[in-house]
Structure formats: C-alpha cells, structure tokens
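Enquirer: Input: one structure, supplied below.
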Amino acid sequence: MEIKEVYLLIKLIKRLNNMDDSGDIVVQNNITFGPVKLDTLLNHLEISVSESEKRANGSLNLRDFYTVYLVETKVTDPNFQHKLGKLTTVWRRYTEFEQLRDYLEVTYPYIVLPPLPEKRVIIAAHPILTWDKHFTEFLQHEEGWRESYKSNGYLQLVENKLKSISIAVRLKKPDPQFESIRDYGGTLYVNLNNLLKARSRVAEKQYTVHKLHANYGRVFSEWSAIEKEMGDALQKTGHYLDSLASSIDAGLEDEELLSDQLKEYLFFALSLQNVCKNHEMLQLQLEDAEENVASKNVEKTRVQQGKTGLMSRLFGAVDTEEVREFKVNLLDQQIQEGASAVNINKESLSDFSSKALTDIERFQNQKVLDLRDTLGSYAFLQLKTSRKGLQTWLQIRDCLQNIP
C-alpha cells in the first residue's frame with residue numbers, strides 16, 4: 001500500500017471515529033443493531049491504528065517494500081482485563097487482514113461479512129465475529145496468530161470453497177426467500193455504484209466551476225489597480241471570489257470520506273450475495289443426496305422385479321435368486337445411508353438458513369442506520385457549500401453596491 005493510501009486510511013479513521021489528545025486514532029462506542037444493543041469488544045476496549053511504516057522485504061532487493069500497521073488494543077473495562085491483556089500492540093501486514101477475512105468467510109458462511117478493516121475496525125463491531133478466538137488472537141499475538149492461521153486446517157477449506165463457488169449452481173427447488181435476498185444484493189450494488197458515479201461527475205463539475213471563479217478573482221484584482229473610486233470594491237470582490245474558488249477543496253474532501261462509506265456497502269452487497277451462494281451450495285448438496293436415494297430406490301425396484309441391464313440381456317445372463325437378494329440387501333444399505341445423508345443435509349441447511357436470516361436482518365437494520373447518517377451528512381455538506389456560496393455572493397453584492 002502506498003503512502004497516499006496509508007494517509008487516506010488514517011485520515012478516514014480519524015474522521016469516522018474519534019481522535020484522542022495524543023493523536024492516536026481510537027474506535028470507541030457501543031454498537032446497536034436496530035432497537036437492541038448488542039455486546040461487542042468495543043464495549044470493553046479501544047482499538048487504535050496509531051501508526052504505519054514501510055519495511056524492506058529483503059536485504060538484497062532494497063526496492064521491495066511492504067507496509068505494516070501498528071494495532072493497539074487497550075482494555076477500558078476493569079472486569080474484562082482477565083480476558084485480554086491491559087494493553088497489547090501488534091504489527092500487521094495488509095495481507096494478514098486479508099487472511100483474517102478469508103478465515104472468517106469460511107468459518108462463518110452465514111454472516112454478511114464486513115469489508116477488510118483497512119478503514120474502520122468493523123469486525124470488532126459484529127456481535128458474533130467480535131468474540132471469535134482467532135480474531136482476538138489477531139489483536140494480541142503477532143507470531144502466535146500466524147501459526148494458528150497455518151495450522152487450523154482452514155486453508156484447505158478456502159481452496160475447496162473457491163472451487164465450489166466457480167461451479168454454476170442450478171437448483172431444482174431454489175429457496176424463494178434467498179433468491180429475493182440475492183437479487184436485492186445485486187440491485188443494491190447497482191444502485192450504490194450508480195450513485196457513486198453520479199456523485200463523482202457532480203463533484204468534478206463543482207470543482208471545475210469553483211476553480212473557474214479564481215479567474216474572476218484575478219481579473220477583478222488586476223482591474224482594481226487602474227481604478228480610483230472603484231479600486232477598493234473591485235479588490236475586495238477579487239478576494240471574495242478567490243475565497244469561493246478555494247472553498248470547494250475542503251467540501252470535496254469531506255464528501256470523499258462519505259463516499260468511502262458508501263463504497264463499503266458495495267462490498268457488503270457482494271457479501272450478502274455470497275451468503276446466498278453458500279445457501280445454494282448447501283441446497284445443492286441436499287438435492288444431490290435426495291436424488292441419490294431416489295435413484296437407488298428405482299434400482300432396487302428393478303432388481304426385485306428381475307429386470308436386468310442391457311449387457312445382461314445381450315449376453316443372456318440372468319441373476320439367480322441369491323444374487324438378486326444380495327443386490328437388494330446392498331441397495332437397502334445404500335438407501336439407508338443415503339437417507340441419513342439427506343437428514344444431515346436438511347439439518348445443515350435449516351441451521352444455516354436460520355443463522356443467515358438472523359444476520360441478514362441485523363445487517364439490514366445496521367444498513368438503514370449507516371446509510372441514513374451518510375446520506376444525511378452528504379445533504380448537510382451540500383447545504384454548507386451552498387450557504388458558503390450564497391454568503392460570498394451577498395458580500396460581493398454589498399461591496400459592489402457601495403461603490404461611491
């Protein structure tokens with residue numbers, strides 16, 4: 001990650017959270033999802049990204065660098081100190097944040113996962129993810145977490161998951177509720193993406209128009225030099241127009257921070273669709289198990305009726321009663337095993353659906369709160385910019401009207 005990206009990362013956390021007197025970025029607040037307050041790590045501690053630095057990847061190649069971030073965890077709840085150390089600091093590479101998310105994605109396939117914690121420590125605000133053992137180790141143990149990451153066996157699960165996602169799923173009986181959620185995730189992504197594109201075009205136009213007013217300012221300032229009675233008024237007008245031209249910088253900078261919050265929900269929309277894909281994979285496993293049992297039952301019926309396959313008829317081979325009985329018993333065993341697999345898949349699917357729908361409801365409640373605040377803040381910024389422009393033009397009008 002480049003220095004500019006690191007600067008934006010630190011700046012965004014500062015903007016969205018609070019910064020203490022020492023200059024460290026601190027995340028501290030109780031998280032609520034809808035009307036119910038849920039307990040998370042942020043109720044008991046502060047998590048701060050206090051600094052970052054570049055390190056050489058090897059002594060031979062001096063141009064090969066990577067960025068690490070200092071993650072500090074400070075316990076603020078005295079009753080919580082037995083669970084975490086009073087103060088811990090660890091250095092984390094950006095790739096480790098990605099590894100953490102891969103682990104959470106496999107371990108909690110029913111959760112609408114937050115974006116990578118490069119801007120805000122969103123994972124710590126989730127009522128389930130916040131208590132994950134490997135996540136707390138991620139905050140505390142610099143080397144120990146890497147070892148557990150490699151030894152917990154989930155890397156193979158990640159590989160298998162990537163292979164399964166690449167397979168096109170065609171369900172016979174898709175769940176209409178999850179289909180609706182999947183479609184909603186796609187629509188949410190499209191709407192947010194279009195909103196961000198429109199905002200970008202408007203911001204570009206605003207910037208251009210405001211900066212063009214600097215030309216007005218220069219003209220009036222030069223004009224004032226050759227006028228006696230009008231000189232002071234023209235010079236003041238030029239200063240006001242220069243101020244108007246420069247005022248757009250801070251406004252667009254604040255807008256960019258709000259835009260980044262909307263971009264987070266682009267990721268959330270994809271994560272929502274990913275939960276639906278995980279549901280489809282479990283549904284597919286259930287349908288395959290049911291189809292296997294059905295085919296075994298058909299095969300058993302054919303054996304009981306003495307019907308043989310094409311090769312047996314061509315070569316005149318006929319099963320004896322003993323062979324037929326052996327085949328029936330073998331199929332009965334396979335049918336019983338298949339029925340057991342069906343029941344297991346049904347339970348897995350039911351459990352997944354229940355947990356997924358609960359977390360999706362949590363996500364929807366939090367989404368309403370976040371987007372309401374973000375869009376409301378955007379409207380406030382537009383009002384602030386418009387008031388600044390109106391105030392400037394009123395000052396210019398009064399200045400010009402007072403020309404003797």
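Enquirer: Taking segment 85-120 as the region of interest, how many residues are touching a Pro at 6+ places or on another chain (Cβ under 9 Å), at pLDDT below 85 and surrounded by 19 or more Cβ atoms within 10 Å (Cβ to Cβ)?
Expert: Selection size over segment 85-120: 1.
Enquirer: Here is a further query. Over 30 Å from residue 183 (Cβ atoms) and either more than 34 Å from the chain's Cα centre (by Cα) or polar (S, T, N, Q) (or both): does that describe residue 215?
Expert: yes
Enquirer: Under 6 Å by Cβ, and 6 or more places apart or on different chains, what pairs join a residue from segment 331-345 that is closer than 7 Å to residue 293 by Cβ with one that is of a type in the set (S, T, N, Q) and open to solvent by 60 Å² or more (accessible area, probe 1.4 Å)?
Expert: Close Cβ pairs satisfying both conditions: 338/292.
Enquirer: Still on this model: In segment 138-181, which residues are at pLDDT 75 or above, under 23 Å from the mean Cα position of the chain (by Cα) and of a type in the set (Asp, Glu)?
Expert: 179
Enquirer: Looking only at segment 203-235, count how many residues are in contact with a Gly (Cβ under 8 Å, 6 or more places away or on another chain), small (Gly, Ala, Ser) and either surrounded by 15 or more Cβ atoms within 10 Å (Cβ to Cβ) or assigned to a helix (DSSP H, G or I) (or both).
Expert: Of the residues in that region, 3 qualify.
Enquirer: Could you please find all residues in segment 192-211 being of a type in the set (A, V, I, L, M) and under 20 Å from residue 261 (Cβ atoms)?
Expert: 192, 195, 196, 198, 202, 203
Enquirer: Would you confirm whether or not segment 389-396 contains a residue that is aliphatic (A, V, I, L, M), open to solvent by 80 Å² or more (accessible area, probe 1.4 Å) and at pLDDT 90 or above?
Expert: yes
Enquirer: Another question about this same structure. Just to check your reading of the model, which residue among 362, 324 is assigned to a helix (DSSP H, G or I) and open to solvent by 50 Å² or more (accessible area, probe 1.4 Å)?
Expert: Exactly one residue qualifies, and that residue is 324.
Enquirer: Further question on the same structure: So, in segment 336-359, how many residues would count as being farther than 16 Å from residue 285 by Cβ and open to solvent by less than 20 Å² (accessible area, probe 1.4 Å)?
Expert: Total meeting the criteria: 1.
The values are calculated or read from the model by the stated rules, or taken from the named source; none is laboratory data. Treat the numbers as computed from the prediction; the structure is a model and nothing was measured. Neighbour counts are summed over all protein chains in view; Cβ atoms, including those assigned to glycine, are modelled from backbone coordinates with ideal geometry. We work out accessible area using only protein heavy atoms, side chains counted, and drop any ligands, DNA or RNA first. Shrake-Rupley method; radii C 1.70, N 1.55, O 1.52, S 1.80 Å.
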